[in-house]
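Just below is one structure, and these are the notes that go with it.
The values are calculated or read from the model by the stated rules, or taken from the named source; none is laboratory data. Since we're looking at a predicted model, the values are computed, not measured. Don't worry about glycine lacking a Cβ; one is built from the backbone with ideal geometry, like all the others, and counts go over all protein chains shown. Accessible surface areas use protein heavy atoms only, side chains included; no ligands, DNA or RNA. Shrake-Rupley method; radii C 1.70, N 1.55, O 1.52, S 1.80 Å.
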Amino acid sequence: MDGLLSDGPLSARLAGSIRADGPMAYDAWVEACLYDPDEGFYASGGSAGRRGDFLTSPEVGPLFGAVLARWMDARWEELGRPAGFTVVEAAAGTGTLARAVLAAQPACLAGGRYVMVERSAALRAAQPTDETLPGVDQSSVELSSVADLEDLTPVPHGVVLANELLDNLAFGLLEAVDGRWHEVCVDARPAGPAEPAGGFHEVLGGAADPPLPVDAATCPPGSRIPVQTAAADWVDAALRLLGAGSALIVDYASTTPVMAARPPEEWLRTYRGHERGSAPTDAPGTQDVTVEVAVDQLPDGALISTQADFLNGHGIADLVDEGRRLWEERAHLGDLTALRARSRVTESEALLDPSGLGGFTFLQWTRPSVPMSTHE
Ligand SMILES: C[S@@+](CC[C@H](N)C(=O)[O-])C[C@H]1O[C@@H](n2cnc3c(N)ncnc32)[C@H](O)[C@@H]1O
């Protein structure tokens, strides 16, 4: 990876690294494509949102955050309404979800903290601060932002939340060859007069153990599975941070054996400007590279539900009804409050759509609120 330390365009630095060290491990390739500090997709402005590269639940509108605010209050109630409740939102992007949660004014955050964790400095720079949250009573919430979970001190009571983070953490890739799993790596094509830039392509590396016992011998040749060690480590770190409370991870998800049986291009995707992108080895840094999350590679013990079931269970219908009533009262004014209230109906349809966002997976891990030693 030494080549990546030198100057120059990302593709030239990656090609230099491969020439020096040989084909690159897939996770190192994804890491560079997404997070190279100069030209990685997220360092150079790639983002969620209507003007961004893909639409996520928080970007549909504020309703998603309003339901999550209810979930946060329920966790706070369960813990006996502790003071100083902390919400840690990882993959906070430009702070869209934070704005929606704070606008919903959950009781748990009165005197509490909301911490946005976002790796991209470009996205952090666009996040709200205490001073830039119009219409939200910030007098009692401490709002802050950090680059990494490791920058946080332990959270005695609170929740850690991440929408569409794990699918964007670097992952390895294995392919079934002659009954064994082999690493998939990325190699550089030699530059030639016809193709001066060379380009990159996948090659097979040495045999490797799978992250779980999935028998390559029973998989059709060419089957692939992801290796999501970084995602599992991230969830472990989030759970270690929490004294008492819950971690909630939201993503498109599958399991390792199911992914082995599906065409890999279905679960390893690229996006650019709201369209599917090209091969993950094309034009590094110019497109999002994302993978479905293999939940069986994550720590055990999560409560699993679909987004639709989770949002229904936390009162999305009440919020939509409230929006309808507000719209009927204020339609003649046509003000922002009236329009926002009316948009809850369409937001809810998008968030609950079983073939779209409603089919996303919610994983919730809970830390005990009562130390085990106090049990009889
Ligand atoms: C797909 S976007 C999701 C943004 C937002 N949560 C949403 O749902 O609209 C993934 C975000 O995770 C950020 N990210 C990646 N690794 C991270 C990490 N280790 N800690 C915090 N943020 C990270 C990326 O920079 C990017 O902004």
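Please list, in order, the residues from region 168-187 whose amide nitrogen is less than 17 Å from a point placed 7 Å along the Cα→Cβ vector of His201.
184-187
Give the calculated FRET efficiency between Asp300 and His332 to the nearest 0.05, with a Förster radius of 51 Å applied to their Cβ-Cβ distance.
With a Förster radius of 51 Å, E is 0.40.
To the nearest Å, what is the center-to-center distance of region 148-188 and region 62-83, using C-alpha atoms only?
If we compute the Cα centre of each part, the gap is 27 Å.
Tell me, what is the per residue accessible area of region 207-320 in Å², probe radius 1.4 Å?
41
Calculated FRET efficiency, Glu265 and Ala126, Cβ-Cβ r, R0 35 Å, to nearest 0.05?
So the FRET efficiency works out to roughly 0.65.
Rounded to whole Å, give me the distance from the Cα center of region 89-127 to that of region 238-274.
If you average the Cα positions of each part, the centres end up 21 Å apart.
With the full set of protein chains in place, find how many percent of the accessible area of the chain is carbon and sulfur; take the probe as 1.4 Å.
53
Find how much the distance from Val177 to Ser44 grows on full extension, using 0.36 nm per residue of separation minus their present alpha carbon separation; answer in nm with one decimal.
Stretched fully, the Val177-Ser44 segment lengthens by 44.2 nm.
At 20 Å minimum axial length over the Cα atoms and a Kyte-Doolittle cut of -1.0, report the qualifying DSSP H helices in the chain, or say none.
63-78, 316-330, 336-352
At what distance in nm do the modelled label points of Glu322 and Ala107 sit from each other, each positioned 7 Å from its Cα along Cα→Cβ?
1.3
Can you tell me what share of the DSSP beta bridges in the chain is antiparallel? A percent to the nearest 5 is fine.
55
Nearest 0.05, what FRET efficiency do Asp151 and Ala83 give at R0 = 22 Å with Cβ-Cβ as r?
Given R0 = 22 Å and the Cβ-Cβ separation, E is 0.45.
Rounded to the nearest 500 deg cm²/dmol, what is the calculated helix-only ellipticity per residue at 222 nm for the chain, with -39500 (n - 2.57) per DSSP H run of length n ≥ 4?
When only DSSP H runs of four or more count, the value is -9000 deg cm²/dmol.
Going through region 257-312, which chymotrypsin sites (Phe, Trp or Tyr not before Pro) have at most 10 other Cβ atoms within 10 Å and a DSSP loop state?
Sites meeting the loop and neighbour criteria: none at all.
Under the rule that an exposed site lies in a DSSP loop and has at most 12 other Cβ atoms within 10 Å, name the longest stretch of the chain with no trypsin sites (Lys or Arg not before Pro) of that kind, not counting the sites themselves.
Formally, the longest exposed-site-free interval is 52-376.
Between Tyr114 and residues 5 or more places away or on another chain, which pairs have amide H atoms under 5 Å apart, with H built 1.01 Å from N, and which residues are they?
Residues meeting the criterion, in which the H sits 1.01 Å from N, are Val87, Glu142, Leu143, Ser144.
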